[in-house]
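The values are calculated or read from the model by the stated rules, or taken from the named source; none is laboratory data. On a predicted model such as this, the values are computed, not experimentally measured, just so you know. Neighbour counts are summed over all protein chains in view; Cβ atoms, including those assigned to glycine, are modelled from backbone coordinates with ideal geometry.
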Amino acid sequence: MVEEISREERKAAKPHQCFHCYRTIAKGEVHDVFTGRDDTIYTIRSHLDCQAAAIARITELMEWSDYWDGVPPLYDEMTDSGEFENECAYLRGRFPHVVTRMELNEQLGQIRHAARLVAAGIEPHGEDFPNIYG
Ligand SMILES: [Zn+2]
């Protein structure tokens, strides 16, 4: 069980990686800073809208009891669901910047995957990479 030690909004003194989308929180950007205790004491930082989207998704679609050990990164939740496009559609109207970051992650991941195939001498098939060849 995660125990909350503190949560606050803070202006970034330097760039950080967002817990939920893995994109950069820019220097000077106000963001969410959560410090908790589980087996260890840890701090996670998130874009404010990423944090709001993660909470909205859980509150509206999931059961809080499934998250007794903490909220995982939103990007992982969206990709692990097998419903990435539907997850994006669900959040897009209220959290457009969050969805843009998630889609950028998908595109960059597919570009890296396709580059690895090419480097191994394998021709990527466009239908396997709809976000970059579609
Ligand atoms: Zn984020």
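I'm trying to understand the selection: among the residues of region 4-40, which are among the aliphatic types (A, V, I, L, M) and without any contact (Cβ under 8 Å) to a residue 12 or more places away in the chain?
Scanning region 4-40 gives no hits.
Being of a type outside the set (A, V, I, L, M, F, W, C) and over 24 Å from VAL99 (Cα atoms) is the filter here; which residues of region 15-41 pass it?
THR35, GLY36, ARG37, ASP38, ASP39, THR40
Can you confirm whether region 108-121 contains a residue that is out of contact with any helix residue (DSSP H, G or I) (no Cβ under 8 Å at 6 or more places or on another chain), in a helix (DSSP H, G or I) and in contact (Cβ under 8 Å) with a residue 60 or more places away in the chain?
Within region 108-121, none of the residues are out of contact with any helix residue (DSSP H, G or I) (no Cβ under 8 Å at 6 or more places or on another chain), in a helix (DSSP H, G or I) and in contact (Cβ under 8 Å) with a residue 60 or more places away in the chain.
For ARG92, indicate whether it is free of Cβ contacts under 8 Å to residues at least 12 places away in the same chain and of a type outside the set (Ser, Thr, Tyr).
So ARG92 passes the test.
Could you check region 91-115 and list, in sequence order, the residues that are modelled with pLDDT of 95 or more and of a type in the set (Lys, Arg)?
Of everything in region 91-115, those that are modelled with pLDDT of 95 or more and of a type in the set (Lys, Arg) turn out to be ARG92, ARG94, ARG101.
Search region 92-116 for residues being surrounded by 15 or more Cβ atoms within 10 Å (Cβ to Cβ) and of a type in the set (A, V, I, L, M), and hand back the single one that is nearest to the ligand (Cβ to nearest atom).
Looking at the filtered set, the residue picked out is VAL98.
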